[in-house]
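Right, one structure below, let's go through it.
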Amino acid sequence: MPTLISSLPERYIQNDQRPSLAGLSREQLMEMLARVGVPEKQRKMRANQLFHWIYHKGVTSFAAMSNIARELRDRLDEAFQISRPEIVTEQKSSDGTMKWLLRLAPDERGQRHEIETVYIPEEDRGTLCISSQVGCTLTCTFCHTGTQRLVRNLTAGEIVGQIMLARDRIGDWPDALAANTQPPSSGRYITNVVLMGMGEPLYNFDNVKQAMDLASDGEGLSLSRRRITLSTSGVVPEIVRAGDEIGTMLAISLHATTDEIRDRLVPLNRKYPLAELLEACRNYPGLSNARRITFEYVMLKGVNDSRDDAKRLVKLLSGIPAKINLIPFNPWPGTQYECSDWETIESFAEIVNRAGYASPVRTPRGRDIMAACGQLKSESQKLRARERMAAQTA
Ligand code: SAH
Ligand code: SF4
């Protein structure tokens with residue numbers, strides 16, 4: 001049975017007007033230090049200290065910054081905070097998958113949007129799936145997120161804040177790990193990050209870039225760029241630029257092998273058809289057999305799952321160092337699609353395997369808490385009602 005964890009520490013339930021330092025680069029931290037009157041000569045050193053406390057140690061209060069004088073800590077505390085998004089609910093699936101529904105600080109219109117972040121533990125790794133936008137402007141017909149009306153870009157702080165919050169909740173900061181009597185065999189709980197939650201990351205390029213710079217900074221969150229995967233539905237003009245400037249691994253949501261079918265599934269295909277998309281993939285910087293592009297392919301019954309589709313897929317990708325990820329379609333209320341039958345998926349996988357691609361069929365995780373791919377859409381209404389009921393009966 002999935003559990004809904006309803007008693008959360010108070011610091012996550014906040015109504016704080018101070019701007020947050022989480023998400024800022026060293027240069028931006030220096031500007032903030034200038035605002036509270038730190039002399040220019042000291043700013044660089046102080047910014048490095050802040051950077052270390054915020055992104056390496058993961059502290060959530062200035063009081064913990066023991067190598068900064070109390071007087072400056074007080075000044076910082078008056079002006080700023082190091083907040084994470086507020087946790088509305090935290091759920092744990094029977095398979096260990098965790099999902100957080102997060103409420104963001106008010107935007108300029110005073111609106112408080114909600115996003116979802118998912119943690120998927122496996123034997124040898126732990127993957128955190130983060131969102132890059134509230135909702136998505138694209139309207140892929142099989143994706144629940146695409147049906148959400150409200151859309152805005154997440155700030156760099158809100159993107160990297162999801163990783164920081166997950167580290168808080170799982171106990172994945174260095175000090176927490178050191179105190180842990182049963183640390184994970186991989187050394188960290190969160191070993192991989194995928195930008196596969198809500199939103200199209202390449203439509204929020206600058207903030208995603210800044211957040212990934214912080215996530216991969218060796219003095220910061222220290223996740224290797226090779227363990228971060230950016231998934232795109234195919235924003236062709238930004239793909240090569242993403243390789244140059246963000247430098248993470250790339251995943252392409254392909255899902256079809258002809259323009260006719262892809263136009264229907266991923267409407268962005270009408271703007272950037274398959275031939276252009278695959279050309280951009282061939283030009284992805286750093287592409288090699290050791291650094292392959294992952295092609296995601298959602299299995300939709302009677303739509304894209306025939307043996308001919310499998311053969312066309314193999315042909316289409318020839319010459320591109322690629323991994324193929326077959327994703328069983330995760331249904332959501334009101335969808336017109338069904339997941340392909342298991343035998344169909346197996347015979348599709350066999351054709352792909354025979355062509356030399358390891359094509360793991362992604363096991364759906366966390367379905368009982370609607371945390372699987374494409375099921376993310378702030379289910380907040382429902383959850384809030386449930387949460388209220390839980391609180392009433394507690
Ligand atoms: N917008 C980006 C990243 C987020 S979507 C993109 O489209 O790549 C992450 C992955 O989940 C994509 O491959 C997407 O196609 C897939 N997905 C969306 N809805 C799904 C569903 N209902 N079942 C299975 N996978 C789905
Ligand atoms: Fe947006 Fe990706 Fe969903 Fe398409 S699949 S609607 S691009 S989140």
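The values are calculated or read from the model by the stated rules, or taken from the named source; none is laboratory data. None of the values given here were measured: they were computed from a predicted structure. Methodologically, a virtual Cβ is constructed for each residue, glycine included, from the backbone with ideal geometry; neighbour enumeration extends over all protein chains shown. When the accessible area is computed, the model is the full protein with side chains, heavy atoms only, and any ligands, DNA or RNA have been set aside. Shrake-Rupley method; radii C 1.70, N 1.55, O 1.52, S 1.80 Å.
Go through the range 165-188 and report how many residues are out of contact with any Phe, Trp or Tyr (no Cβ under 9 Å at 6 or more places or on another chain) and either buried (at least 18 other Cβ atoms within 10 Å of the Cβ) or assigned to a loop (DSSP other than H, G, I, E, B) (or both). Residues in the range 165-188 being out of contact with any Phe, Trp or Tyr (no Cβ under 9 Å at 6 or more places or on another chain) and either buried (at least 18 other Cβ atoms within 10 Å of the Cβ) or assigned to a loop (DSSP other than H, G, I, E, B) (or both): 10 in total.
Given the options Asn325, Asn269, Asn353, name the one that is within 16 Å of ligand 2 (Cβ to nearest atom), at pLDDT below 95 and not aliphatic (A, V, I, L, M). Criteria check complete, one pass: Asn325.
Filter the range 255-295 for residues that are within 19 Å of Phe142 (Cα to Cα), assigned to a helix (DSSP H, G or I) and open to solvent by less than 70 Å² (accessible area, probe 1.4 Å) and give the result. Explain how you work it out, then say what you get.
Narrowing the range 255-295 to residues within 19 Å of Phe142 (Cα to Cα): 255-274, 295.
Narrowing further to those that are assigned to a helix (DSSP H, G or I): 259-265, 267-270, 274.
Of everything in the range 255-295, those that are within 19 Å of Phe142 (Cα to Cα), assigned to a helix (DSSP H, G or I) and open to solvent by less than 70 Å² (accessible area, probe 1.4 Å) turn out to be Asp259, Ile261, Arg262, Asp263, Leu265, Pro267, Leu268, Asn269, Leu274.
Among Arg73, Arg112, which is touching a strand residue (DSSP E or B) at 6+ places or on another chain (Cβ under 6 Å) and either assigned to a loop (DSSP other than H, G, I, E, B) or free of Cβ contacts under 8 Å to residues at least 24 places away in the same chain (or both)? Only one candidate qualifies: Arg112. For residues in the range 127-143 being in a loop (DSSP other than H, G, I, E, B) and either over 16 Å from Val266 (Cα atoms) or free of Cβ contacts under 8 Å to residues at least 60 places away in the same chain (or both), which is farthest from ligand 1 (Cβ to nearest atom)? Result: Ile130. Considered as a group, the residues in the range 215-228 that are over 14 Å from the mean Cα position of the chain (by Cα) and not small (Gly, Ala, Ser) include one that is farthest from ligand 2 (Cβ to nearest atom), and that residue is Glu219.
This table checks each residue for (1) under 23 Å from Ile159 (Cα atoms); (2) outside the structural domain of His144 (by TED's automatic domain parsing); (3) aliphatic (A, V, I, L, M).
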residue	(1), (2), (3)
Arg35	no, yes, no
Arg70	no, yes, no
Thr97	yes, no, no
Leu104	yes, no, yes
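Checking the conditions here, which among Asn204, Asn180 is more than 29 Å from Ile239 (Cα to Cα) and among the polar types (S, T, N, Q)?
Numbers: Asn204 fails: more than 29 Å from Ile239 (Cα to Cα).
Checking each option against the conditions leaves just Asn180.
The residue of the range 110-137 that is nearest to the chain's Cα centre (by Cα), among those that are farther than 27 Å from Pro183 by Cβ, open to solvent by less than 20 Å² (accessible area, probe 1.4 Å) and small (Gly, Ala, Ser), is Ser131. Scanning the range 126-147 for residues that are within 9 Å of ligand 2 (Cβ to nearest atom) and more than 17 Å from Phe205 (Cβ to Cβ) yields Gly135, Thr139, Cys140, Thr141, Phe142, Cys143, His144, Thr145, Gly146, Thr147. The number of residues in the range 88-109 that are in a strand (DSSP E or B) and among the β-branched types (Val, Ile, Thr) comes to 2. The one condition from (1) without any contact (Cβ under 8 Å) to a residue 60 or more places away in the chain; (2) surrounded by fewer than 20 Cβ atoms within 10 Å (Cβ to Cβ) that Thr191 does not meet is (1).
For the criterion of being free of Cβ contacts under 8 Å to residues at least 60 places away in the same chain and buried (at least 22 other Cβ atoms within 10 Å of the Cβ), Asp107 fails.
In the range 303-346, what count of residues is obtained for those that are in a loop (DSSP other than H, G, I, E, B), on the phi < 0 side of the Ramachandran plot and either surrounded by fewer than 16 Cβ atoms within 10 Å (Cβ to Cβ) or out of contact with any His (no Cβ under 6 Å at 6 or more places or on another chain) (or both)? I'd like the intermediate steps shown before the answer.
Step one: filter the range 303-346 for residues in a loop (DSSP other than H, G, I, E, B), giving 303-306, 317-321, 329-338, 340-341.
Subsequent filtering for residues that are on the phi < 0 side of the Ramachandran plot retains 303-306, 317-318, 320-321, 329-333, 335-338, 340-341.
Right, trim to either surrounded by fewer than 16 Cβ atoms within 10 Å (Cβ to Cβ) or out of contact with any His (no Cβ under 6 Å at 6 or more places or on another chain) (or both) and you get 303-306, 317-318, 320-321, 329-331, 333, 335-338, 340-341.
Of the residues in that region, 18 qualify.
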